[in-house]
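To keep things clear, I will list the structure first and then write my remarks on it.
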Amino acid sequence: MPIAPALNNAAALSVQGVGSQRFKLNYENTYLDPTVIKSVVLWMTTDGGQSWTSYGEDSDCESPFPVQVESEGVYGFRIVYETKDGVMGRAPARGDHPDMLIRVDTTPPEIQLISAPFGRGSEAGALVINCNATDIDLGDRPVALSWSPTAEGPWTTIVNGHPNTGTYAWRAGNTAPDRIFLQLEVTDAAGNRTISKTTRPIELNGLAPRGRILSVDPVK
């Protein structure tokens, strides 16, 4: 798998994720009259700019540029123009930085719903949902949780866009029934998604404080 090392400059590019080995690069020409363009060549690096290869030419010389790579990994790209009168932009050399870094990631996250005990202490009255998610690039807020009265849904959102902290304390209040199913959904930075659901219902009885009538005393 091609892996790009960290770029050694203060303005290092962020890596943009795509969930397919086929994608399109949007580009623009801000300096030339489009009618004088002879070719648009795409250059590619898989090692952060230490080496470059010519990917090919855009047949119509117009954005976007269709790309297909052979495997997952991090790819860097630069565009070079050539005009009809023979003027050509400089091809990237060793050490040149890409204009764009793309992480091709087609592997869904690995996730697990671990447990959902009643909270204690400061989390008393909450259902503490413990889960695990791993991926090469999950992004900042990949986690969504939801509940349903049945294993088939429909699902009601508990939280969406939650950080991958491994836990979430849910105060159900009066919105949920006494028995529910939980669903964990994790979407990585490339858009790959994995869903996990509880196979058995979770009892919410006792989650909220309740009283119990013990006896009666007559009043005279």
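The values are calculated or read from the model by the stated rules, or taken from the named source; none is laboratory data. Fair warning: this is a prediction, and the values are worked out from it, not measured in the lab. Cβ atoms come from the backbone with ideal geometry, glycine included; neighbour counts cover every protein chain shown. For the accessible areas, the whole protein counts, side chains as well, though only heavy atoms, and no ligand, DNA or RNA atoms are used. Shrake-Rupley method; radii C 1.70, N 1.55, O 1.52, S 1.80 Å.
Table for the structure above
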quantity: Spacing of the two label points (7 Å from each Cα toward its C-beta) at GLU57 and GLU70, in nm; calculated: 2.4
quantity: Cα coordinate range in segment 103-152, projected on the principal axes (Å, largest first); calculated: 43, 29, 16
quantity: Selection of GluC sites (Glu not before Pro), segment 124-206, meeting DSSP coil and at most 15 other Cβ within 10 Å; calculated: GLU152
quantity: Segment ILE195-ALA172, length gained on full extension (0.36 nm per residue, minus Cα span); calculated: 6.2 nm
quantity: Segment 36-97 and segment 169-220: distance between their alpha carbon centers, rounded to Å; calculated: 54
quantity: Rounded to the nearest 20 debye, dipole of the chain from Cβ charges on Lys, Arg, Asp, Glu; calculated: 1220
quantity: ALA124-ASP85 pseudo-label distance in nm [points 7 Å out on the Cα-to-Cβ vector]; calculated: 8.3
quantity: Within-11-Å neighbourhood charge of GLY89 [Cβ basis; K, R +1; D, E -1]; calculated: +1
quantity: Rg and Dmax [Cα atoms of the chain; Å; Rg one decimal, Dmax integer]; calculated: 26.9, 112
quantity: Calculated FRET efficiency for the pair LEU13/ILE114, C-beta based, R₀ 41 Å, to 0.05; calculated: 0.70
quantity: Calculated diffusion of segment 120-220, Stokes-Einstein form, Kirkwood radius summed over Cα pairs, 4 °C and 1.567 mPa s, µm²/s; calculated: 84
quantity: Candidate residues MET44, MET100, MET88: accessible-area rank, largest first, probe 1.4 Å; calculated: MET88, MET100, MET44
quantity: Given charges at Cβ of Lys, Arg, Asp, Glu: segment 54-131 dipole, positive-most of GLY119, PRO64, MET100; calculated: GLY119
quantity: Cα-projected label distance for GLU28 with ALA93, points at 7 Å along beta-carbon direction, nm; calculated: 3.0
quantity: P(r) histogram, all alpha-carbon pairs of segment 21-79 included - 10 Å bins from 0, percent; calculated: 21, 52, 23, 4
